[in-house]
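The values are calculated or read from the model by the stated rules, or taken from the named source; none is laboratory data. Quick caveat, the model's predicted, so the values are computed rather than measured. Here the Cβ is made from the backbone with ideal geometry for all residues, glycine too, and neighbour counts use every protein chain on show. Keep in mind that these areas ignore ligands, DNA and RNA; they rest on the heavy atoms of the full protein, side chains included. Shrake-Rupley method; radii C 1.70, N 1.55, O 1.52, S 1.80 Å.
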Amino acid sequence: MTTTERIERHHYDVVVIGAGGAGLRAAIEARLAGKRTAIISKSLFGKAHTVMAEGGAAAAMGNVNSNDNWMVHFRDTMRGGKFLNNYRMAELHAKEAPDRVWELETYGALFDRTKDGKISQRNFGGHEYPRLAHVGDRTGLELIRTLQQKIVSLQQEDKQEYGDYEARIKVFAETTITELLTDDDNRIAGAFGYYRETGQFVLFSAPAVVLATGGVGKSWKVTSNSWEYTGDGHALALRVGATLINMEFIQFHPTGMVWPPSVRGILVTESVRGDGGVLRNSEGKRFMFDYVPDVFRNQYAETEEEADRWYTDPDNNRRPPELLPRDEVARAINAEIKAGRGTPHGGVYLDIASRRSPEYILKRLPSMYHQFKELADVDITKQPMEIGPTCHYIMGGVEVDPDTGAAGGAIQGLFAAGEVSGGMHGSNRLGGNSLSDLLVFGKRAGEHAAKYASSLTSRPQVKPSDVDAAVETALAPLSRSGENPYAIWHDLQQVMQDLVGLIRRKSELEESLKQLADLKDRVAKVAATGGRRFNPGWHLALDLRNMLLVSECAAKAALTREESRGGHTREDYPTMDPAWRQVNLVCSLDAGSGEVVITRKPVPAMPPELLLLFDRAELAKYLTDEELADYDRALAEARLNKLDGSAAAKEATL
């Protein structure tokens, strides 16, 4: 060691970076497997962005409509992702989500109930049946509370057995990880970071790391994301040789607050539309009927009368177009605003006041009532809300094995779950699938991280030279005179908002890459004044390199994908191309130059038993002629054999 820095050191079996739903569920599973587990929380414990997931957790429990099952949920997820999803992840998610939600109840979650005492489920965009298990409009908060309480109960067990609450699971709050460390065989050996309050460096030695760091939204100017979402996990993974997929797919949630400016982008839950809210332009027109794409035409109502009947008689009426997948609704709102039919503050109106009683609104949407009353002086029981698209979620992320959550590339011992992982949601995530995604794949990542740690015959060792380099990188902004990090961050957000936003064009994407290259030079010289004790400028200076790296991945992938699909809309390539549906764009770092490299990789082909869950006419809108020929052969074989492995598929095809 050449550094004279004092570094606090800890030894664990599994280190989980991120304390949201995915991270806590992973940590619980690793601890249940008997592993000493550390939870690294960038913010205060309990303040993870998961609390902003308001509507519910999607799980085909069939509590409100008994027709629901995992196959319907799987179909809805694949449709929402425009068939670019990793089919295996979508299958596992649909099958296991109910068990994960019921499991939460055993941990103490207090879900809203149906009249007969079952967990209540509500409607959401893109879901055929009411599927979201909910706690008012505060479901994410309840999920975090419940998982935290489970961790406390495990700590109490450890106190009884070992005399120490933190013997096998410990939370490190307000701690930022800046580097992952590997041994000579490219195995994870540990993680390096610092305590945000004191600036003291800390080194976690561990053979397995689970990334659960969430998204990247703070690279955009208008976002629903909390301050932690600076792409840390994506960048950490890239720098140790993992790969990212589908980084071009950024979800702009259709309903974020647009007024006042101080709260622009704050999320307005999709539950408002699921519970009867409708979208209107400045002329009072309910405009979503004009924007139903052909691929969804048969599933959505064509008149207001039919749409309104659906809420009480869903079996005999089609869904309101306000409940289209988020990408479709966001583009429709953007089109209305561009056409001059927007609100005074640049949005459209979301109206539930004229549709539901004040008592109903206050019972179903208490947080939304409070949010608008306190922040915008709007009473949503009496007035419509002004809303517009806001950067909300990234479908792309760390390329993982669908069953284990293990990261792709050459790295060993790295796992990822939740928003930081890619593949599950394809090109567009359905509302409600996020919370159940956290639970399903958080559990799997924690389980397999523990198994990996147990399988090792030797513990990977951190290289002292790597620790020295991590210290040097972290201290660099404090030791030079350079540009203010807030000025660079402002410019980065403007570039991404203006040039890599909801609607993209080749010329603008090329310009974004030029400006990102300039920003890279500026970030390399960024400076922070003051010392290390709680210094937000220093923290941002270190976050900027992560934000810039992830932004470059998103921009390069968006330039490469010459079609429009889900969260990626190219004005110069406005339609979906079946050939592009077969392609995942993979981001990696060139080992020599450190530059972002984009390569193409085939999307895993769906097996016949899952493919046959869909009607051929629907698949014809997405698949190539060759894929449709495969479907026809599978269908003919199923008819011949009178057996295809799925009762629902047999009924649909025979």
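Brief remarks on what is shown
- In this rough spin-label picture, where each label sits 7 Å from Cα along the Cβ direction, the ARG6-ALA469 distance is 2.8 nm.
- Proximal charge balance of ALA410 [Cβ under 15 Å; K/R count +1, D/E count -1]: -4
- Antiparallel DSSP beta bridges within the chain, as percent of all bridges there, nearest 5: 65 percent
- Rounded tilt (10° steps) of 87-107 against the dominant C-alpha axis of the chain: 80 degrees
- Working note: 222 nm ellipticity from helices only, DSSP H runs with n ≥ 4, each -39,500 (n - 2.57), summed and divided by the residues of the chain, gives -12000 deg cm²/dmol to the nearest 500.
- In terms of its C-alpha gyration tensor, the chain has a rounded overall shape, because the principal axis ratio a/c (a ≥ b ≥ c, square roots of the eigenvalues) stays below 1.5.
- Taking 19 Å as the straight-line reach from the Cα of LYS642, the lysines in range (excluding those fewer than 8 positions away in the same chain) are LYS650.
- Our estimate of slack between ASP290 and SER455, defined as 0.36 nm per intervening residue step minus the Cα-Cα distance, is 53.7 nm.
- Subset of LYS47/LYS556; LYS118/LYS451; LYS118/LYS363 violating a 29 Å alpha-carbon distance limit: LYS47/LYS556; LYS118/LYS451
- Counted charge near ARG319, where neighbours are those whose Cβ lies closer than 15 Å (Asp, Glu -1; Lys, Arg +1): -4
- For the pair ALA620 and ARG341, the difference between a 0.36 nm per residue extended length and the Cα-Cα distance amounts to 97.0 nm.
- The chain: angle of helix 139-162 to the longest principal axis, Cα-based, in degrees nearest 10: 40 degrees
- By DSSP, the beta bridges lying fully in the stretch 1-157 are antiparallel in about 55 percent of cases.
- The modelled label-to-label distance between GLU305 and ASP401, using points 7 Å beyond Cα along the C-beta direction, is 5.8 nm.
- Carbon + sulfur, % of accessible area of the chain - ligands and nucleic acids excluded, 1.4 Å: 49 percent
- Helix 433-455 vs. the chain, principal-axis angle (Cα, 0 to 90°, nearest 10): 40 degrees
- Shape call, the stretch 1-140: gyration tensor on alpha carbons, a/c limit 1.5: prolate
- The residues of the chain have, on average, 37 Å² of accessible surface per residue, using a 1.4 Å probe with all protein chains present.
- Rounded if a/c under 1.5, otherwise prolate or oblate - the stretch 173-236, Cα gyration tensor axes: oblate
- Estimated inter-spin distance, LEU628 and HIS490, nm [label 7 Å along Cα→Cβ]: 5.4 nm
- Computed E for SER282/TRP227 - FRET, C-beta separation, R0 30 angstrom, nearest 0.05: 0.35
- Local electrostatic count, LEU44, Cβ distance below 15 Å [Lys/Arg +1, Asp/Glu -1]: +1
- Centre-to-centre separation between the Cα atoms of the stretch 1-71 and those of the stretch 428-472: 10 Å.
- Gain on full stretching of the segment that runs from GLN160 to GLN383 - 0.36 nm per residue minus C-alpha separation: 74.8 nm
- Between amide H atoms placed 1.01 Å from N, distances below 5 Å from VAL583 occur with VAL603, all of them 5 or more places distant or on a separate chain.
- Part-to-part distance (alpha-carbon centres) for the stretch 308-327 and the stretch 223-261, which is given in Å: 30 Å
- Distance from the stretch 512-530 to the stretch 114-176 (C-alpha centre basis), Å: 39 Å
- For the chain, CYS391 have no disulfide-compatible partner, since no other Cys C-beta lies under 4.7 Å from theirs.
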